Amino acid sequence: MSLIQVDNLWKTYDMGNEQVNALQSVTLKIEKGEYVAIMGPSGSGKSTLMNLIGCLDTPSQGVYMLNGNDVASMDDNELARIRNKEIGFVFQTFNLLPRATSLHNVELPLIYNGTSREGRREKAEKALGKVGLSDRMMHQPNELSGGQRQRVAIARALVNDPSIILADEPTGNLDTNTGDEIMGLIQELNRQGNTVIVVTHEYEIAKKARRIIFLRDGKIEKEEYKQVG
Amino acid sequence: MLIDIEAVRIGLQAIWANKLRSSLTIIGVFFGVLSVITIITLMQAMMDGIEEQLSALGPSTFMVNKFGIITSREDYMDALKRKDLTVEDMGAVEEGCLDCEYVAARCYRFGSVKRKSEKLRNVPILGSTANFIDVIDFQVEHGRFFTEMEYQHKRQVAFVGPTIVEELFPGVIDPLGKTIKISGKKYKITGIAKKRGSMMGNNQDNFLVIPLTTQIKYFGKPRHNLALAIKAKNVETVTNTQDQVRSILRARRGVDYYDDDDFSILTAESIMAFVESITLMTRVVIGGIASISMVVGGIVIMNIMMVSVSERTREIGIRKSIGAMRKNIITQFLYEALILTLLGGLLGTSAGIGLAAILGEMMSIDVSVTFLSVAIGMSISLLVGLFFGIYPAVKAAQLDPIEALRYE
């Protein structure tokens, strides 16, 4: 069984009289432990695909099996549970709570699955340690650099031990050096066994993955596999 | 989980982060609760005061008078046509009523009171029977009430309220046995009543009581309209006693079999019920006005919460993307609203009780802190918080996470 199995997936938006197909018959499989980049120009449907894979949205048609769960038919609360348990998001704009410390930001997903106070603290500290921010636990986002913020976001994505880490333009708001550092961290996480999906419009970023899925006009245009190394 | 500690924490954090906005909201609720509590507490105190006065009558005593409870001009005009309740009527009851322990009577006249150069005009001069002291809650401070003998012999003696003493005997330590002139006749003071203070602006200490017989002798019989206070021998059969008095009076006053009584029998209970019925409307209206201020407070809360939600759209998106369910978001915002309203309610309740106490002091009403007013204060703020907080909270929970995350 594949970790992600997407079959003939459609996403259609009603724009008044017109119907816009953001995704058309997308079929793909992603295995556990893969490092995949989804690439395409803006308007190609990559954000829509990411939202669907990330369970923020449900498809108009088609099947999406995530880790054996049929996600397409889930309601709001079940989706929330899946997002909490299976998905770790990393966003372009970090999306940290501005008035919360790094530690609290990383603890957040654990709050919503009812982890005890001690358990939360222990896991959050461990996750922050993994991204090299053990000394910044009590800092708020505005006291951190962009790269550090993205590390906090990655720690938050990791903390619940999700099936997938889903990164949407993770270097979009960072300078090249910091971006490289973050991509290095993501690569390292993949090496440790995490399944990683990076959504980007930059080939420089995408080519770090072992497999690139090219999207255009809501369809998969082609796929590219690279040798490990 | 009954109380979501995390939601309380988030709520407090949001409230603390927007101090000005939060305090304005709290003030909105504060004034709403303040007005409701002040009014409820004062009203309750007034009713308690009236009830206490009435209950001094005791359950076995009832009153008979000409007017009864007048609720309209028509009632009044009808009652005016009735014959006065006379000393002879009283005598008939005394004689005929076997179940009556005693019959007391009083009659109000007004007159001037003089001592040396001091003169008071328009003082209520009560003529009463000697046993009247047992019925009404006059308490004797000095001396005594007049006696049955003095009553029988139409003696010129007076039992006076403290205001009379203060006005006529400035600086005199013991006015007992001294003489005053009531409407030109000399009276000896036998006793002074204990101070009662004022009730709703009425000085209750400005009065004189003289024997009814003396009053009739000097003030004349016409327009001598008595109010009777009758104590039944047995509390259980007080209604039978009332019937006995009723038939005696009807017979004496020549009331036709099919006509209504031309007098009224009042009990403490019926008077209380009447007071409650006439104040009900007032209470409803004032309560309505107070509720409006509460609704205004509620709308302020709703407004602020809507602002809070839209300001934190992105935060809601973040929370949802990492697994917050609808109920988590609802709880978070509802708790924020509840903390604000409960804070406002707590402050408003305390201030309302304080204000009621101050106003009560000014109006000479005993105000006590009742569990009821605290409970009402807290529960209305809770309800307002829930009612006006739920909509913004549900709105927040319904936000689409994708849209919310894009929100700038």
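Bear in mind these aren't lab numbers, they're just calculated from the coordinates by the rules spelled out. Only a predicted model underlies this, so the values are computations on that prediction, with no experimental measurement involved. A quick note on method: Cβ atoms are made from the backbone with ideal geometry, for glycine too, and the neighbour counts reach across all protein chains shown.
If the cut-off is 15 Å between C-alpha atoms, which aspartates and glutamates fall inside it for B:LYS186, apart from same-chain ones fewer than 8 positions away? Within the straight-line limit of under 15 Å, B:LYS186 reaches these aspartates and glutamates: B:GLU118, B:GLU150. Modelled label positions at A:ASN173 and B:ASN225, each set 7 Å beyond Cα in the direction of Cβ, lie 8.6 nm from each other.
Only Lys, Arg, Asp and Glu carry charge here, each on its Cβ (+1 for the first two, -1 for the last two); on that basis the protein assembly as shown has a dipole of about 1920 debye about its Cα centre. Pairwise Cα distances in chain B exceed 38 Å in 46 percent of cases.
Computed 3J(HN,Hα) for the stretch B:375-381, one whole-Hz value per residue from the Karplus formula 6.51 cos²θ - 1.76 cosθ + 1.60 where θ = phi - 60°, is 5, 5, x, 6, 6, 5, 5, glycine and proline marked x. Computed from point charges on the beta carbon alone (+1 for Lys and Arg, -1 for Asp and Glu), the dipole magnitude for chain B about its Cα centre is near 1420 Debye.
With both labels modelled 7 Å from their Cα along Cα-to-Cβ, the B:ASP134 to B:GLU269 distance reads 2.3 nm. Summing charges over neighbours of A:GLY33, with a neighbour being any other residue whose Cβ is under 12 Å away from its Cβ, gives +2 when K and R count +1 and D and E count -1. For a 4.7 Å threshold on C-beta separation, the list of partnerless cysteines in chain B reads B:CYS107. Straight-line reach only, C-alpha to C-alpha below 25 angstrom: list the lysines that B:LYS188 could link to, leaving out same-chain residues fewer than 8 apart. B:LYS188 reaches B:LYS114, B:LYS116, B:LYS119, B:LYS154, B:LYS178, B:LYS217, B:LYS221. In the protein assembly as shown, helices alone account for a calculated mean residue ellipticity at 222 nm of -16000 deg cm²/dmol, with every DSSP H run of four or more residues adding -39,500 (n - 2.57). Candidates A:THR200, A:LEU215, A:ASN160 compared by Cα position along the dipole of chain A: farthest toward the positive end lies A:ASN160, with charges placed on Cβ.
Exposed loop sites are taken as trypsin sites (Lys or Arg not before Pro) in a DSSP loop (any state but H, G, I, E or B) with at most 11 other beta carbon atoms within 10 Å; the longest stretch of chain B without one runs B:224-408.
Mean-square fluctuation check for chain A, GNM, Cα pairs under 10 Å: which of A:ASN77, A:ASN105, A:ASN51 is largest? It is A:ASN77.
Modelled spin labels at B:TRP16 and A:LYS219, positioned 7 Å past Cα toward Cβ, are 5.7 nm from each other.
Each Lys and Arg contributes +1 and each Asp and Glu -1, all at the Cβ; summed about the Cα centre of the stretch B:260-401, the dipole is approximately 1420 debye.
Farthest toward the positive end of the dipole of the protein assembly as shown, out of B:GLY177, A:LEU28, B:ILE27, is the Cα of B:GLY177, where the dipole comes from beta carbon charges about the Cα centre.
Springs between Cα atoms under 10 Å define the GNM used for chain B, and in it the highest mean-square fluctuation of B:VAL369, B:VAL87, B:VAL172 occurs at B:VAL172.
If the reach is capped at under 18 angstrom between alpha carbons, list the lysines near B:LYS327, excluding any in the same chain fewer than eight residues apart. In chain and number order, the partners are A:LYS85, B:LYS395. Taking the charge dipole of chain B about its Cα centre, with +1 at Lys and Arg Cβ atoms and -1 at Asp and Glu Cβ atoms, the residue from B:LEU126, B:GLY287, B:LEU372 reaching farthest to the positive side is B:LEU126.
Counted by Cβ distance under 10 Å from B:ALA92, the other residues give a net charge of -2, where Lys and Arg count +1 and Asp and Glu count -1.
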